[in-house]
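What follows is one structure encoded as structure tokens, with my remarks underneath.
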Amino acid sequence: MKVAVLIKQTPDTAELPKITVDEARSGEVGATMVLNPWDEFAVEEAIDLADRFSCESAAISLGRVGETDALKHALAMGVDSGLLVDEQVIGDGGEWETAEALAEAVKIADGEEGVSLVLAGKMSVDGNSGVIYAGVACKLGWDLLVNVTRIVDIVDGKLIAEQVFEGGQETVETPLPVVVSVAKEINEPRYPSFMGIRKASRAQIPVLGEDELQVGPSSTVRWEGMSKPEPERVEVRIFEGSTVEEKAEQLADALLAEKVI
Amino acid sequence: MSILVWIELNDGRVVTNCWELLAKAKELAFELETTSAALLIGDEVDEAARMALTYGADTVYAAADATLSRFRLQPYAALAEQAVERAGARAFLTNGSIRGGTLAATVACRQKAGIAANASDLRVEEGELVAVRTIYSGNIRAELRFESRLAVASVRPRSFPMPEPVGSSGAIEMLDAVLDEDEIREKVTDFRAAEVGEIGLTDAHIIVSGGRGVAADPPKGFELVGELAETLGAALGASRAAVDAGYIPYKHQVGQTGKTVGPDLYIACGISGAIQHLAGMGNSKIIVAINKDRDAPIFERAKYGIVDDLFEAVPALTAAFRKRLA
Ligand SMILES: Cc1cc2nc3c(=O)[nH]c(=O)nc-3n(C[C@H](O)[C@H](O)[C@H](O)COP(=O)(O)OP(=O)(O)OC[C@H]3O[C@@H](n4cnc5c(N)ncnc54)[C@H](O)[C@@H]3O)c2cc1C
Ligand SMILES: Nc1ncnc2c1ncn2[C@@H]1O[C@H](COP(=O)(O)O)[C@@H](O)[C@H]1O
């Protein structure tokens, strides 16, 4: 068994408000790029599962050649190997091309052991879709579990996991191979160790390009009319009063007048 | 041709945000000169199917079988695809819940269809469906047009007003459950329902949230925040700082790495208004801040505010509402 984890390099969340329409349109984003925060949980889980079940872990990311900070972060945390898929293989394709390229990369990462579990984060802080892992499961023809909060066990070729949805929590069993998108509750991501950072900085990360994998084009949506939603400048009304009760009374009246209660 | 909407069931009960979407689908169908349809999957769906007709579906495609009592992607996606075919659907829409998002993505990928995930608006322009959504965590807004035969969207809860039921003239068509239990790989071995009476954050009309401002006495602070929430029939939210400090469980977290919410009223108590918090609640209609620091960034987004100690202001506000709502 081998565990693969899908990670994306995304802008630092503190810099997201500065993203301009031009940057969004071209994808040439000036912000500091980091490992997508949701994917840290997936990386932690991959390392943890590799320990628990004595297997190997591999991180796979589709992005620009030369931009490997996220992969290096995953390696520094303790993932065994990294693999970069050159984003040029998808041309200006969208979600399903990305999913197909990642699915192909999973097959290439197979090695001798065979990847039977693919982990992913909940969503990317730039794409905000939460669809890529569904696409990867679909392209691989594997089952998919989402919002998984605990991997209870892997036994007899079956994965036993807990997943949460709006209506409650379930324990489910499904045979491998399977794609799992993890929730934040699943673990506490570790910080890279000093040794890990040193090892990662020296690591050579193989790149998969058009020679290694081809993806069929399938333009499905056109992105138009991008704009920057300006938060409505509301002038705040601060209630004054000699006592806190006076302020509270005025606020309660204002809110009742708004008819939102 | 039709606009097909998946009506999500939770433990046999309809997730009511789906009616908002169905009413919207009817509007879009009218403009596109086509019909609206609903998809219902469960072990018993009669009642919900009748309701879907009263909320405006021209046709309800329904599948009822013991194998369908809990959501499992494999059989549900197979049925959704069957319904898409039967309805000749031009669009397939789901409520943007965890399961709605997953079902939409799976159906879209299998049908090689374009998807607008977490859309916040849908409209028709020049005979084409346009979906509006944000990327970069709410910082860029984009309009999507579809180039595929089928358009798929998962739509954020509370994007459209809740309709009134109008009476029905449509028909119910049964779908065949395509899979036998032994063909379904996923097995649900245990289920625990969410706490009863708890109001979910994503579809709440009012949210009262607490942050690190409760630090002087966290249990007391959240008790006061909770009392205000209860008085207003609101859901209880929190900042990440409050969650990380262990004052309240993660499921209450609002923001970038928590839930995205869009209530009519959001009352932030002892929350500074960090970018990552605003990313989750910036779209609330009216934001109220209770904070002892007049310079806290939350006041730049708030419409109303009280600058005072929350340990005094929150109970005072609860008392003021109790008096008025009695
Ligand atoms: C990758 C990433 C993801 C993140 N995701 C999220 C997220 O999903 N959600 C989120 O909320 N944050 C998130 N954060 C954290 C965010 O940056 C802030 O640290 C956090 O929102 C601060 O929470 P707070 O406002 O409760 O605390 P603080 O910023 O410490 O603010 C506390 C406020 O309480 C006020 N106060 C103190 N005492 C009182 C009192 N007695 N009465 C009244 N007011 C008082 C203070 O004036 C202050 O304004 C994320 C950060 C990162 C880096
Ligand atoms: N370019 C990418 N490379 C690797 N994994 C990705 C990529 N994009 C998305 N993912 C994975 O899919 C998840 C959901 O992303 P998204 O659908 O963009 O919200 C992320 O948390 C990652 O685990």
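In whole percent, what relative contact order does region A:152-220 give with Cα contacts below 8 Å and a gap of six or more residues? Provide the component values of the computation, followed by the final result.
On the way: 34 pairs, mean separation 11.1, N = 69.
Over region A:152-220, the number comes to 16 percent.
At a Förster radius of 22 Å, what calculated FRET efficiency corresponds to the Cβ-Cβ distance of B:Val188 and A:Glu185, to the nearest 0.05?
On the way: r = 19 Å, r/R0 = 0.86.
After rounding, the FRET efficiency stands at 0.70.
Comparing A:Val182, A:Val215, A:Val43 in a Gaussian network model of chain A, where Cα atoms under 10 Å apart are tied by springs, the biggest mean-square fluctuation is seen for A:Val215. The stretch between A:Val65 and A:Lys259, if pulled fully straight at 0.36 nm per residue, gains 64.4 nm over its current Cα-Cα span. The sum of -39500 (n - 2.57) across all DSSP H runs of n ≥ 4, divided by the residue count of chain A, sets its helix-only mean residue ellipticity at 222 nm to -9000 deg cm²/dmol. Once the Cα-Cα distance is subtracted from the 0.36 nm per residue extended length, the B:Glu223 to B:Arg324 segment shows a gain of 34.3 nm.
When you count, for each residue, the other Cβ atoms within 10 Å and take the mean per peptide, how do B:253-264, A:129-140 rank with the highest first? Display every interim value, and only then the final one.
Working: B:253-264: 23.0, A:129-140: 26.0.
Output ranking for B:253-264, A:129-140: A:129-140, B:253-264.
Placing a label point 7 Å from the Cα of A:Thr243 along the Cα-to-Cβ direction, none of the residues of region B:213-242 has a backbone N under 13 Å of that point.
When only Cα pairs below 8 angstrom with a gap of at least 6 residues are kept, chain B shows a relative contact order of 14 percent.
Highest GNM mean-square fluctuation among B:Ala49, B:Ala316, B:Ala83, for chain B modelled with Cα contacts below 10 Å: B:Ala316.
Report, to the nearest 10°, how far helix A:244-257 tilts away from the longest principal axis of the Cα atoms in chain A, using its own Cα long axis and a range of 0 to 90°. Between helix and principal axis, roughly 80 degrees.
Peptide A:208-219 has a mean shielding of 1, counted as Cβ atoms of other protein chains within 10 Å of each residue's Cβ. The GluC sites (Glu not before Pro) of region A:86-163 meeting both criteria, a DSSP state outside H, G, I, E and B (loop) and at most 13 other C-beta atoms within 10 angstrom of the site's C-beta, are A:Glu112, A:Glu113. Residue by residue along A:237-247, Cβ atoms of other protein chains within 10 Å of the local Cβ number 5 on average. Expressed as a whole number of Å, what is the distance separating the alpha-carbon centroids of region B:107-167 and region A:210-261? When both Cα centres are located, 19 Å separates them. Database note for chain B: Cys without another Cys beta carbon under 4.7 angstrom, B:Cys18, B:Cys269. Taking chain A as the reference, fit the longest principal axis to its C-alpha atoms, fit the long axis of helix A:37-52 to the helix C-alpha atoms, and give the angle between the two in degrees, 0 to 90, nearest 10. Rounded to the nearest ten degrees, it is 40. Modelled spin labels at A:Glu212 and A:Phe194, positioned 7 Å past Cα toward Cβ, are 3.3 nm from each other. Per residue of peptide B:283-290, the mean number of Cβ atoms on other chains within 10 Å of the residue Cβ is 3.
All of the numbers you see were taken from the coordinates with simple rules; none came from a lab. Here the structure is a predicted model, which is why all the values come from computation and not from measurement. FYI the Cβ positions are ideal-geometry reconstructions off the backbone, even for glycines, and counts take in every protein chain you see.
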